[in-house]
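A.B. asks: Below is a structure I'd like to ask you about.
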Amino acid sequence: MRRTLDLPKAVLGHALLAFTCSAFLGCASSSAGSSPEAGRSVGASMEGRVSDFTTGHGDLRYDIEEDRVLFQVEFPLAQVWPAMVAAFAEVGIDPDLVDPRGARIGMNNQTVIRRLAGERLSTYFSCGSTMAGPVANASRIQTTFMVTARSVAAGQTSITFFVDAVARLNDAADKDPKRCRSTRRLEVRLMEHINATLEGPGA
């Protein structure tokens with residue numbers, strides 16, 4: 001299923017391309033050439049469910065599934081893993097799961113209240129709204145937010161972001177959990193930091 005994401009303007013840079021291009025593989029081959037230059041971000045293409053955007057650190061493309069966003073970069077896993085760890089520190093998230101052997105890092109069933117990574121919860125979670133505003137901002141959100149990397153080829157690594165979240169209103173009278181979905185802003189923010197580290201000076 002294709003989805004259009006409401007991404008921050010600063011992230012978009014250029015207009016989203018792949019959702020308006022029915023033959024993404026043809027578009028990618030005409031713009032990227034036959035062999036991507038080593039040390040650059042490259043796009044994942046899976047059944048055309050791909051959008052792309054430009055950050056200040058090169059082109060990133062991602063594939064969207066229901067609860068996952070997948071990126072692919074043209075760097076080995078040994079370089080990607082420390083960049084993932086650094087990204088969490090840079091945005092101000094203290095992960096409770098850090099697994100170097102499995103190349104996994106994230107929040108495992110954590111409860112967050114009011115703010116995450118310096119932003120109101122509605123920045124990163126869409127849980128519906130009430131007369132008072134976004135449900136996320138008036139709730140305790142229980143979330144599993146996990147980032148996993150794996151080597152897919154020599155010098156290439158896929159990075160998968162998985163999000164599962166439910167909100168419970170702070171109002172004690174409302175006991176029913178509300179299912180939340182990711183706005184994809186946190187995934188994009190972390191991926192920008194990862195890519196900046198990978199392509200930065202001395203990389």
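The values are calculated or read from the model by the stated rules, or taken from the named source; none is laboratory data. The shown structure was predicted, so the numbers you read here are calculated from the model rather than taken from an experiment. Cβ coordinates were reconstructed from backbone atoms using ideal geometry, including for glycine residues, and neighbour counts include every protein chain displayed.
A.B. asks: So, residue 189, is that one in contact with a helix residue (DSSP H, G or I) (Cβ under 7 Å, 6 or more places away or on another chain), closer than 17 Å to residue 105 by Cα and basic (Lys, Arg) or not? Explain how you work it out, then say what you get.
C.D. replies: Working: in contact with a helix residue (DSSP H, G or I) (Cβ under 7 Å, 6 or more places away or on another chain): yes; closer than 17 Å to residue 105 by Cα: yes; basic (Lys, Arg): yes.
Against the criterion (in contact with a helix residue (DSSP H, G or I) (Cβ under 7 Å, 6 or more places away or on another chain), closer than 17 Å to residue 105 by Cα and basic (Lys, Arg)), residue 189 qualifies.
A.B. asks: For segment 138-177, what are the residues that are aliphatic (A, V, I, L, M), within 24 Å of the chain's Cα centre (by Cα) and more than 20 Å from residue 102 (Cα to Cα)?
C.D. replies: Quick first cut of segment 138-177, residues aliphatic (A, V, I, L, M) only: 138, 141, 146-147, 149, 152-154, 159, 163, 165-167, 169, 172-173.
From the residues that got through so far, the ones that are within 24 Å of the chain's Cα centre (by Cα) too are 138, 141, 146-147, 149, 152-154, 159, 163, 165-167.
Result: 138, 141, 165, 166, 167.
Okay, residues lined up against (1) charged (D, E, K, R); (2) at pLDDT 85 or above; (3) farther than 23 Å from residue 200 by Cβ:
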residue	(1), (2), (3)
50	no, no, yes
55	no, no, no
58	no, no, no
67	yes, no, yes
83	no, yes, no
86	no, yes, no
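A.B. asks: What do you reckon, is residue 102 out of contact with any helix residue (DSSP H, G or I) (no Cβ under 6 Å at 6 or more places or on another chain), outside any loop (DSSP other than H, G, I, E, B) and within 21 Å of residue 197 (Cα to Cα)? Don't jump to the end; show me each part of the working.
C.D. replies: Working: out of contact with any helix residue (DSSP H, G or I) (no Cβ under 6 Å at 6 or more places or on another chain): yes; outside any loop (DSSP other than H, G, I, E, B): no; within 21 Å of residue 197 (Cα to Cα): yes.
So residue 102 does not fit the description; no.
A.B. asks: Between 99, 94, which is surrounded by fewer than 18 Cβ atoms within 10 Å (Cβ to Cβ), within 28 Å of residue 81 (Cβ to Cβ) and under 18 Å from the mean Cα position of the chain (by Cα)? Even if it seems obvious, please write down each step before you answer.
C.D. replies: Values: 99 fails: under 18 Å from the mean Cα position of the chain (by Cα).
Being surrounded by fewer than 18 Cβ atoms within 10 Å (Cβ to Cβ), within 28 Å of residue 81 (Cβ to Cβ) and under 18 Å from the mean Cα position of the chain (by Cα) holds for just one of 99, 94, which is 94.
Yes/no matrix, rows are residues, columns are (1) without any contact (Cβ under 8 Å) to a residue 60 or more places away in the chain; (2) part of a strand (DSSP E or B):
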| position | (1), (2) |
| --- | --- |
| 163 | no, yes |
| 166 | yes, yes |
| 179 | yes, yes |
| 187 | no, no |
| 191 | no, no |
| 194 | no, no |
